[in-house]
Amino acid sequence: MDREAPPVGVDVSVPSVARMYDYYLGGKDNYAVDREASEELLKVVPSTKVLAVNNRRFLQRVVRRLAEEYGIRQFVDHGSGLPTQDNVHQVAQRVDPSSRVLYVDNDPIVLAHGRALLEENENTAVIQADMRDTDGILGHPEARRLIDLSQPVAALFVSVMHCIPDESDPAGLVRRVAERLAPGSFLVVCQLVSEDRATRDFVTDFMDRSTGGRWGRVRQAHEVERFFDGLEILKPGLVEVSTWRPDSDLGPKQLTREWIEFGGVARRP
């Protein structure tokens, strides 16, 4: 039984990628349809829950490192998903309370929950938008209020590029955003990849059917590498994300290889 009725305008008859991710992270902002789809996916790719947790920890490490080591104070989180523990603004604002964060997601439930969470944080906002609409996002009143495009920005595309179909040109999306940002800005990009064709085909078909076409494709690592053309990739390069600058050797690793979250961090020259 669901905890509460969904916010107005939220369709709970079709699984949501954001709400499935919330379920894997142990959140409460998901519904029966999301839980059923999540459990069905686990039957075929049982590492999915571990992958989601490791991906979240990657996001937190990246934000902290960019804030502490590179002085980044502006973040645009594309496809941010539902608020959970240690969100981008919380990590960044622990380094500097003046850090500014814009969350972007196309799921109305993210807007509803995000606004409630952030209403007392003047340096943070959430907008509902398609992350492919770069002009609309960067031209939004909240973006103009928070983000100074003449100064370095970190644009985050963490575990969302697999939601972008090939016909929408995911590499072109990263390039368009990079072109709008000041030199010295950072692009953080990762997505689900598998070198096993059967896994790629199953997950792509399952998620496309489950979400009513709100899905792109599980890709191969070499395809994700193209997203970084023209950018300076930071060490250790493009990797399975649990191995990107881990805080210690004791941190969790992605132990199964049926699919992984693959990507890294790059700087605009």
Residues satisfying the stated conditions in the range 185-199, i.e. in a helix (DSSP H, G or I) and either without any contact (Cβ under 8 Å) to a residue 12 or more places away in the chain or charged (D, E, K, R) (or both): Arg197, Ala198
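Looking at the range 59-86 only, could you name the residues that are within 19 Å of Val174 (Cα to Cα) and either in contact with a Cys (Cβ under 7 Å, 6 or more places away or on another chain) or small (Gly, Ala, Ser) (or both)?
So in the range 59-86, the residues within 19 Å of Val174 (Cα to Cα) come out as 59, 62-63, 66, 72, 74-81.
Gly79, Ser80, Gly81 - these are the residues of the range 59-86 that are within 19 Å of Val174 (Cα to Cα) and either in contact with a Cys (Cβ under 7 Å, 6 or more places away or on another chain) or small (Gly, Ala, Ser) (or both).
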Scan the range 31-53 and give yes if some residue there is modelled with pLDDT under 95, buried (at least 19 other Cβ atoms within 10 Å of the Cβ) and not in a helix (DSSP H, G or I), otherwise no. yes
Close pairs (6 angstrom Cβ cut-off, 6 or more residues apart or separate chains): in a strand (DSSP E or B) in the range 99-112, of a type in the set (D, E, K, R) and modelled with pLDDT of 95 or more anywhere: Tyr103/Asp77
List every residue pair whose Cβ atoms sit under 9 Å apart, with the two residues 6 or more apart in sequence or on different chains, where the first one lies in the range 135-148 and is farther than 12 Å from Tyr103 by Cα and the second, anywhere, is in a helix (DSSP H, G or I). Asp135/Arg176; Asp135/Arg180; Arg144/Leu138
Given the conditions (1) out of contact with any Leu (no Cβ under 8 Å at 6 or more places or on another chain); (2) surrounded by fewer than 23 Cβ atoms within 10 Å (Cβ to Cβ), every one holds for Ile127 apart from (1)
The range 113-134, subset touching a residue at least 12 places away in the same chain (Cβ under 8 Å) and in a helix (DSSP H, G or I), residue nearest to Gly216 (Cα to Cα): Thr134
Give the residue that is farthest from Gly184 (Cα to Cα), with candidates limited to residues of the range 54-98 that are of a type outside the set (D, E, K, R) and in a strand (DSSP E or B). His78
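When the residues of the range 144-184 are narrowed to those that are of a type in the set (Val, Ile, Thr) and not in a strand (DSSP E or B), which ends up nearest to Ile72 (Cα to Cα)?
At the first step, the residues of the range 144-184 found to be of a type in the set (Val, Ile, Thr) are 147, 153, 158, 160, 164, 174, 177.
Pick out the ones that are also not in a strand (DSSP E or B) and you get 147, 153, 160, 164, 174, 177.
On the way: Ile147: 12, Val153: 6, Val160: 22, Ile164: 27, Val174: 19, Val177: 17 Å.
Per the stated criteria, the residue is Val153.
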Among the residues of the range 200-218, count how many are at pLDDT below 90, in a helix (DSSP H, G or I) and out of contact with any strand residue (DSSP E or B) (no Cβ under 8 Å at 6 or more places or on another chain). 7
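The values are calculated or read from the model by the stated rules, or taken from the named source; none is laboratory data. Everything numeric in this text was worked out from a predicted model, so none of it was measured. Here Cβ is always computed from backbone atoms with ideal geometry, including for glycine, and neighbour counts include all displayed protein chains.
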